[in-house]
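Asker: One structure follows; several queries about it will come next.
The values are calculated or read from the model by the stated rules, or taken from the named source; none is laboratory data. Keep in mind the model is a prediction, meaning the values are calculated, not measured. When we count neighbours, we look across all protein chains shown, and the Cβ atoms used for this are built from the backbone with ideal geometry, even at glycine. Side chains included, ligands, DNA and RNA excluded: accessible areas come from the protein's heavy atoms. Shrake-Rupley method; radii C 1.70, N 1.55, O 1.52, S 1.80 Å.
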Amino acid sequence: MIQMILKKKIYICLCILTLALGCSKDNEPDEVEVTTDIDLPEDFKVVIVQPIIITNDTGVASFYDVDLEKINNAYSRAKVKFVFLKTKSVKNDAIYNGSMGLGEMKNWLSDNNHLAGDRDIVNLVCTENLAGSGGPIGRAEVPGSVTFLAFDSNVGSILNVFVVSHEVGHNFGLKHANEDENVDNELPNVMGNGDYEDRLNPKNSFNSYQIDIIRNANITHDEEKAKALIEKYNLE
């Protein structure tokens, strides 16, 4: 992990997976129908995600593949449900090809009003390359509201599920298991080691210490607040 201080008490965590992620690179992001009818199970909270798909100067979109059902299954252990807003496309060739630095990317997106929310929803920025490298790779604020991802399109979707679940875990404030004395790195965990299926299995995905952090994070909301935020940001 490489950490870079962008601002006071906000860090960026670099995570590089050892296996590729995948789907067809030619696919356009699926349009997700968003509703304020969240239909939460009892005691569940909500995390709202704004997907931002970076395109190059000719309009080619970065690869994007998110299986919301499987992400929500992993986080069901924490009684948290993810709701994705409609995807936004943003054209910037330097971000697309990975030649722009992390701080510069965030500043450019912020200065041009492309980031949603007031540090209360997750901005999932999908690029074709990140930090000069193709996917799979991710960087996320720890804690925070911005995650950068570059997916790889050569293998199956389980790794796509994992990289999103893992990187947004950093936005909640979670550390890698081998850096947190409160998490056993020998057991499967979204933030630790193990088979990808085992790490995402809600029997293993998070321990009670991590769940407490997730449920009390700035990006986690009760149903009433979540509905208000969804309505607000979908109209912008």
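Asker: Tell me, which residue of segment 68-89 that is among the charged types (D, E, K, R) and surrounded by fewer than 19 Cβ atoms within 10 Å (Cβ to Cβ) is farthest from Glu42 (Cα to Cα)?
Answerer: Filtering first and then ranking leaves Lys88.
Asker: Can I ask one more? Can you find even one residue in segment 146-153 that is in a helix (DSSP H, G or I), in contact with a strand residue (DSSP E or B) (Cβ under 7 Å, 6 or more places away or on another chain) and within 22 Å of Tyr96 (Cβ to Cβ)?
Answerer: We begin by selecting, within segment 146-153, every residue in a helix (DSSP H, G or I); these are none.
Within segment 146-153, none of the residues are in a helix (DSSP H, G or I), in contact with a strand residue (DSSP E or B) (Cβ under 7 Å, 6 or more places away or on another chain) and within 22 Å of Tyr96 (Cβ to Cβ).
Asker: With closer than 25 Å to Ser110 by Cα, open to solvent by less than 30 Å² (accessible area, probe 1.4 Å) and at pLDDT below 95 as the only criterion, which of Gly138, Gly173 stands out?
Answerer: Only one candidate passes the filter, namely Gly138.
Asker: Further, regarding this structure: Only one of Asp120, Asp152 is surrounded by fewer than 19 Cβ atoms within 10 Å (Cβ to Cβ) and in contact (Cβ under 8 Å) with a residue 12 or more places away in the chain. Can you tell me which? Before the answer, list the steps.
Answerer: Values: Asp152 fails: surrounded by fewer than 19 Cβ atoms within 10 Å (Cβ to Cβ).
From the options Asp120, Asp152, the qualifying one is Asp120.
Asker: Still on this model: Looking only at segment 181-192, which residues are out of contact with any Lys or Arg (no Cβ under 8 Å at 6 or more places or on another chain) and touching a residue at least 12 places away in the same chain (Cβ under 8 Å)? I'd like the intermediate steps shown before the answer.
Answerer: Looking only at segment 181-192, we keep the residues that are out of contact with any Lys or Arg (no Cβ under 8 Å at 6 or more places or on another chain), and these are 181-182, 184-187.
Across segment 181-192, the qualifying residues are Asn182, Asp184, Leu187.
Asker: Just the residues that are open to solvent by 10 Å² or more (accessible area, probe 1.4 Å), out of contact with any helix residue (DSSP H, G or I) (no Cβ under 9 Å at 6 or more places or on another chain) and closer than 15 Å to Val163 by Cα, please, taken from segment 123-134.
Answerer: Answer for segment 123-134, where residues must be open to solvent by 10 Å² or more (accessible area, probe 1.4 Å), out of contact with any helix residue (DSSP H, G or I) (no Cβ under 9 Å at 6 or more places or on another chain) and closer than 15 Å to Val163 by Cα: just Gly134.
Asker: Hey, does segment 51-66 have a residue that's at pLDDT 90 or above, part of a helix (DSSP H, G or I) and β-branched (Val, Ile, Thr)?
Answerer: The answer is no; no qualifying residue exists.
Asker: Scanning for something charged (D, E, K, R) and outside any strand (DSSP E or B), does segment 86-95 turn up at least one residue?
Answerer: Checked segment 86-95: at least one residue is charged (D, E, K, R) and outside any strand (DSSP E or B).
Asker: For segment 96-139, give me the residue count where each residue is aliphatic (A, V, I, L, M) and not in a strand (DSSP E or B).
Answerer: Final tally of qualifying residues: 8.
For (1) touching a residue at least 24 places away in the same chain (Cβ under 8 Å); (2) within 22 Å of Phe84 (Cα to Cα); (3) in contact with a Cys (Cβ under 9 Å, 6 or more places away or on another chain), each residue gets a yes or a no:
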{"position": "Ile158", "(1), (2), (3)": "yes, yes, no"}
{"position": "His166", "(1), (2), (3)": "yes, yes, yes"}
{"position": "Glu197", "(1), (2), (3)": "yes, no, no"}
{"position": "Ser208", "(1), (2), (3)": "no, no, no"}
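Quick grid of which residues meet (1) in contact with a Phe, Trp or Tyr (Cβ under 9 Å, 6 or more places away or on another chain); (2) not in a helix (DSSP H, G or I):
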site: Glu141; (1), (2): yes, yes
site: Leu159; (1), (2): yes, no
site: Gly169; (1), (2): yes, no
site: Lys175; (1), (2): no, yes
site: Asn185; (1), (2): no, yes
site: Gly194; (1), (2): no, yes
site: Asp198; (1), (2): no, no
site: Lys203; (1), (2): no, yes
site: Tyr209; (1), (2): no, no
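Asker: Among residues belonging to segment 199-236 that are open to solvent by less than 20 Å² (accessible area, probe 1.4 Å) and of a type in the set (Gly, Ala, Ser), point out the one that is modelled with the lowest pLDDT.
Answerer: In this case the residue turns out to be Ala226.
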